[in-house]
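Encoded as structure tokens, the structure appears first; notes follow it.
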Amino acid sequence: MSTQGVSNNKPAAVAATIATSDPSTFHCSICMDIMYKPCVNTCGHSFCFWCMHHAMDVFDTSHACPLCRAPFRHFPAVCAPLHSFLARTFPDEMKVREEETKKLEVEEYHADSPVVIVPSMDCSFDVREAFECRDCHALAVPPTVLTCGHVVCSGGPSSTSSSENKAMSSSRKKHCPVPGCVGKMAAEGAAGGGGPASAKCCALIDEILRDHISEREYREAAAASSRQCGGLRPEDVDHPSGSETTADANVAAAAVGGEASISSYFGPNESVILAGLTSASGSRLNGMRAVLGLFCTTSDRYNVKVDHGSDATPKEYQVKPKNLLKCVHYGVGCDGCGVYPIAGRRYKCLDCAEDIGFDLCGECYNDDVHKRVSVGDGNAAAGRFNQQHRPDHSMEEMEQDEDSRSLQCFQARNPELSIPQIMAMMGAQSSDEE
């Protein structure tokens, strides 16, 4: 973030607006206090870092926004520009929140939140520079915050007739434009299959921008983003959270493992769990672990090996992709993209000493996220919880633990039961045995 002075063409009312803004506008809907280290969900709603984390279900691969119930899979990183704006605008309130949060992190959470460097109060703060798009480097209007915390212009394939901009906008549906960043834009569906994806405008940042720049400048910036960044058309800027098109949904489904790319959704030799088999012989395999072999394009099935225990030789079967579940590592999230919990391959750092550990999903490990150098700006840090991970640390692939395996296998045989229901049943059975 630049610390240059406020530009001369900024409205005269801006300084007064910043000084007299009502802090209740920026209250977290969970803790009902001013947001500290705010995270912006893929639906556009904002919450405190720890409030957001605690609102996620460790036993479900798809979560629901506490406000609108929109589905999401990734724990978003702190939006550093929004945190800096709040810290500069409400220094006293944010100082209190900082002290309260640090105490909770030591006494209850036993983990740290990311470090965010806030510009000194001696420096001027320009919202134009703070909330510039990390793609086109113009003012992000309307603004979208990715799961990595970076701000970009909102956009979609329907926003422009340019084929180049359509391709740009479609590719940004999955990954952040910042080189080396693994942030996501899409609001993905449940694990194991694609779901509707959308890039929602962050209403809070949009309100800040509308309050600090003129309506004319806002519309000019929106028009510029439409031409340069595949952003929304000027006539659409008053409806930043409108529903996506069918084409949008199809692009998203393919990006996260839809039918168009299902043969490459699983990794080679990946451990999976069989589920949903309905034939007389197949139903007996539901809930069993298997190791993937090659994908047969002729039959559209995977070759899998199932170990039936004892000294029996593993048997081979051909199974449709829809009957394969990725192994879920309950309670473990990815320190790269933020997916929580990790489904599929999981890699753990053997050298990080923090209790919370440092873990990556298979995709982030393949992207060498563990080799990134932390720059401490709240976005490119090596870990979501300020872990002191270093590129020379050793990583090891981890098998699904026995508790997670037992829970997921039992649910595969009893899909009508949720994981919490299964745990309650197991707890009641243990009590009866005692």
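The values are calculated or read from the model by the stated rules, or taken from the named source; none is laboratory data. Bear in mind the structure is a predicted one, so any value in this text is a computation, not a measurement. With ideal geometry, Cβ positions are generated from the backbone for all residues, glycine too; neighbour counts draw on all protein chains shown. Accessible surface areas use protein heavy atoms only, side chains included; no ligands, DNA or RNA. Shrake-Rupley method; radii C 1.70, N 1.55, O 1.52, S 1.80 Å.
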Query raised in the report: Out of (1) surrounded by fewer than 19 Cβ atoms within 10 Å (Cβ to Cβ); (2) at pLDDT 85 or above; (3) not aromatic (Phe, Trp, Tyr), what's the single condition that is false for ALA290?
Result: (1)
Report summary line: Taking the range 31-62 and keeping only residues that are under 18 Å from ILE342 (Cβ atoms), without any contact (Cβ under 8 Å) to a residue 40 or more places away in the chain and surrounded by fewer than 24 Cβ atoms within 10 Å (Cβ to Cβ), one is left with HIS53, ASP57
Query raised in the report: (1) open to solvent by 60 Å² or more (accessible area, probe 1.4 Å); (2) in a loop (DSSP other than H, G, I, E, B): which one isn't true of GLU107, the others all being true?
Result: (2)
Report task. Output the residues belonging to the range 393-420 that are out of contact with any helix residue (DSSP H, G or I) (no Cβ under 9 Å at 6 or more places or on another chain) and free of Cβ contacts under 8 Å to residues at least 24 places away in the same chain. Result -> GLU402, GLU416
Query raised in the report: Does HIS83 satisfy the condition of being at pLDDT below 95 and in contact with a Lys or Arg (Cβ under 7 Å, 6 or more places away or on another chain)?
Result: no
Query raised in the report: Out of (1) within 20 Å of VAL78 (Cβ to Cβ); (2) at pLDDT below 90; (3) open to solvent by 20 Å² or more (accessible area, probe 1.4 Å), what's the single condition that is false for ASN366?
Result: (1)
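Are any of the residues in the range 76-87 more than 21 Å from CYS176 (Cβ to Cβ) and part of a loop (DSSP other than H, G, I, E, B)?
Just the residues of the range 76-87 that are more than 21 Å from CYS176 (Cβ to Cβ), to begin with: 86-87.
Applying the additional criterion that residues be part of a loop (DSSP other than H, G, I, E, B) yields none.
No - not one qualifying residue is present in the range 76-87.
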Report summary line: Sole miss for TYR302 among (1) under 21 Å from GLY183 (Cβ atoms); (2) in contact with a strand residue (DSSP E or B) (Cβ under 7 Å, 6 or more places away or on another chain); (3) modelled with pLDDT of 90 or more is condition (1)
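With the structure loaded, tell me whether LYS10 is modelled with pLDDT of 90 or more, over 30 Å from SER418 (Cβ atoms) and not polar (S, T, N, Q) or whether it fails that test.
In short, no.
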Query raised in the report: Which residue, of TYR317, TYR302, is aromatic (Phe, Trp, Tyr), over 23 Å from LEU407 (Cβ atoms), more than 24 Å from the chain's Cα centre (by Cα) and buried (at least 21 other Cβ atoms within 10 Å of the Cβ)?
Result: TYR302
Query - SER263, sole failed condition from (1) at pLDDT below 50; (2) of a type in the set (S, T, N, Q); (3) part of a helix (DSSP H, G or I); (4) within 30 Å of HIS83 (Cα to Cα) - result: (4)
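Looking for whichever is over 19 Å from PHE385 (Cβ atoms), without any contact (Cβ under 8 Å) to a residue 12 or more places away in the chain, assigned to a loop (DSSP other than H, G, I, E, B) and not polar (S, T, N, Q) here; the options are ASP122, ASP135, ASP92. Which one fits?
Details: ASP135 fails: without any contact (Cβ under 8 Å) to a residue 12 or more places away in the chain; ASP92 fails: assigned to a loop (DSSP other than H, G, I, E, B).
None of the others qualify; the one that does is ASP122.
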Report task. Inspect all residues belonging to the range 111-120 and state whether any of them is open to solvent by 60 Å² or more (accessible area, probe 1.4 Å) and within 29 Å of ILE419 (Cα to Cα). Result -> yes
Report summary line: Taking the range 305-314 and keeping residues open to solvent by 10 Å² or more (accessible area, probe 1.4 Å) and either in contact (Cβ under 8 Å) with a residue 60 or more places away in the chain or in contact with a strand residue (DSSP E or B) (Cβ under 9 Å, 6 or more places away or on another chain) (or both) leaves LYS305, ASP307, HIS308, PRO314
Requested in this report: Could you figure out which of (1) crowded, with 18+ Cβ neighbours inside 10 Å; (2) at pLDDT below 50; (3) in a loop (DSSP other than H, G, I, E, B) isn't true of GLY193?
Outcome: (1)
Requested in this report: Can you confirm whether the range 398-416 contains a residue that is hydroxyl-bearing (Ser, Thr, Tyr) and either open to solvent by less than 10 Å² (accessible area, probe 1.4 Å) or over 21 Å from the mean Cα position of the chain (by Cα) (or both)?
Outcome: yes
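Residues are listed down the side, and each one gets a yes or a no for (1) at negative phi; (2) assigned to a loop (DSSP other than H, G, I, E, B); (3) touching a helix residue (DSSP H, G or I) at 6+ places or on another chain (Cβ under 9 Å); (4) without any contact (Cβ under 8 Å) to a residue 40 or more places away in the chain:
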| position | (1), (2), (3), (4) |
| --- | --- |
| LEU277 | yes, yes, yes, no |
| ALA280 | yes, yes, no, yes |
| LEU294 | yes, no, no, yes |
| LYS322 | yes, no, yes, no |
| GLY333 | yes, yes, yes, no |
